[in-house]
Amino acid sequence: KFSSRDETLAFMKEYISKMIKHFEGDGDASEYKTGVDYSDWHVDVWDVVNEAAAPGYQDGYVDRNGGWYDKIGSDYATYAFRYANDLGYDDVELRYNDFGEFDVRKADNIYGIAKNIIDAGAGLDSLGIQSHYTLDVSLDNIKSAFEKFASLGIDINVTELDVSAYTQEQLNAKKALYETGVPKVVEYKQSEILYELFKMYKEYSDIIDRVTLWSASDRLSFRNNGNFSHKDYAGIFDRNLQAKPQ
């Protein structure tokens with residue numbers, strides 16, 4: 001849509017400004033209903049940039065498959081944080097959010113983007129790690145990633161935690177194995193992974209500011225779709241909103 005880098009940057013700046021001001025209750029009067037008090041509107045954390053890191057097999061920190069990269073370049077994330085930070089909302093935490101830190105090279109790419117934003121003084125307050133895991137995830141790789149991220153000197157947020165009932169190999173093969181229910185042995189493995197994760201979160205509690213779990217129930221989870229339709233059981237509440245063993 002935009003023909004130049006400057007035009008795209010101007011749009012980005014306007015968009016970020018309007019969004020944050022609106023949800024802080026400081027937007028134009030025409031954006032709100034008359035007779036409603038918006039003075040207590042406040043967003044605690046903004047994901048200023050989401051999923052910008054290149055996949056592990058791609059060279060360069062920033063994923064090149066996107067409009068922001070095409071029109072602005074690899075520093076677009078830094079500009080986004082600078083625009084958000086310049087609005088002056090000191091009580092709003094500005095976060096970069098991404099996934100796949102269990103892949104060593106992807107973790108390097110996430111780190112690289114965050115480090116560039118910090119070095120530019122653009123206002124990065126925290127790093128969000130989505131934490132969508134499969135049964136065969138490497139806990140050692142996750143711990144190594146947290147070690148790396150700790151050196152950034154900012155808070156770490158676990159933002160979308162869940163554990164699939166499948167291994168990555170099974171998902172890649174599009175095997176719908178559990179359409180009538182998930183075996184107890186799988187639930188036990190999921191519980192074991194969550195147990196080890198929370199032990200690690202406690203170990204790094206000086207930098208992990210919050211842990212958020214993904215989806216209210218298995219029935220509503222994106223895990224049921226992905227690259228094929230199947231029933232997954234990645235949350236801590238089942239399809240009837242009942243607490244599961246984990």
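The values are calculated or read from the model by the stated rules, or taken from the named source; none is laboratory data. Owing to the predicted nature of the structure, the values given are computational and were not obtained by experimental measurement. Glycine gets a Cβ as well: all are built from the backbone with ideal geometry, and neighbour counts include every protein chain shown. For accessibility, only protein heavy atoms count, side chains too; no ligands or nucleic acids. Shrake-Rupley method; radii C 1.70, N 1.55, O 1.52, S 1.80 Å.
Calculated from the structure, Cα Rg over 2.2 N^0.38 Å equals which of [x] 1.12; [y] 1.02; [z] 1.75?
[x]
Take the solvent-accessible surface of the protein heavy atoms, probe 1.4 Å, and return the percent of it on the chain that carbon and sulfur atoms account for.
That fraction is 49 percent.
Give the accessible surface of the chain per residue, rounded to a whole number of Å², with probe radius 1.4 Å and ligands, DNA and RNA excluded. Could the numbers behind the result be given before it?
Details: 13070 Å² over 246 residues.
With the other protein chains kept in place, the chain gives 53 Å² per residue.
Gain in length, Asp91 to Tyr38, computed as 0.36 nm per residue apart minus the alpha-carbon separation, to one decimal in nm? Walk me through the intermediate numbers first.
Numbers: separation 53, 0.36 × 53 = 19.08 nm, distance 1.68 nm.
Gain in length upon complete extension: 17.4 nm.
If I model a spin label as a point 7 Å beyond the Cα along the Cα-Cβ vector, how far apart are those points for Asp28 and Tyr57 in nm?
Reported label-point gap for Asp28 and Tyr57 is 4.6 nm.
Among Lys13/Lys71; Lys18/Lys71; Lys148/Lys175; Lys21/Lys202; Lys148/Lys199, which pairs are too far apart, with a Cα-Cα distance over 25 Å? Mind dumping the intermediate values first?
On the way: Lys13/Lys71 14 Å; Lys18/Lys71 21 Å; Lys148/Lys175 34 Å; Lys21/Lys202 35 Å; Lys148/Lys199 18 Å.
Beyond 25 Å between Cα atoms: Lys148/Lys175; Lys21/Lys202.
Mind checking which of Thr34, Thr78, Thr167 has the largest fluctuation in a GNM of the chain, springs on alpha carbons under 10 Å?
Thr34
How big is the charge dipole of the chain about its Cα centre, in debye rounded to the nearest 20, if each Lys and Arg gets +1 on its Cβ and each Asp and Glu gets -1 on its Cβ? Please report the intermediate quantities before stating the final value.
Details: 27 positive and 43 negative charges, 191 e Å.
Taking the Cα centre of the chain as origin, the dipole is about 920 debye.
If we sort 173-185, 59-71 on the protection proxy, mean other Cβ atoms within 10 Å, highest first, what's the order? Write down the numbers at each step before the final one.
Working: 173-185: 11.5, 59-71: 14.9.
The peptides rank, most packed first, as 59-71, 173-185.
What is the ratio of the Cα radius of gyration of segment 36-85 to 2.2 N^0.38 Å, where N is its residue count, to two decimals?
1.54
In whole percent, what relative contact order does segment 30-175 give with Cα contacts below 8 Å and a gap of six or more residues?
That works out to 23 percent.
Hey, if you put +1 on the Cβ of every Lys and Arg and -1 on every Asp and Glu Cβ in the chain, which of Ile118, Tyr76, Ile129 ends up farthest toward the positive end of that dipole?
Of the candidates, Ile129 comes out farthest on the positive side.
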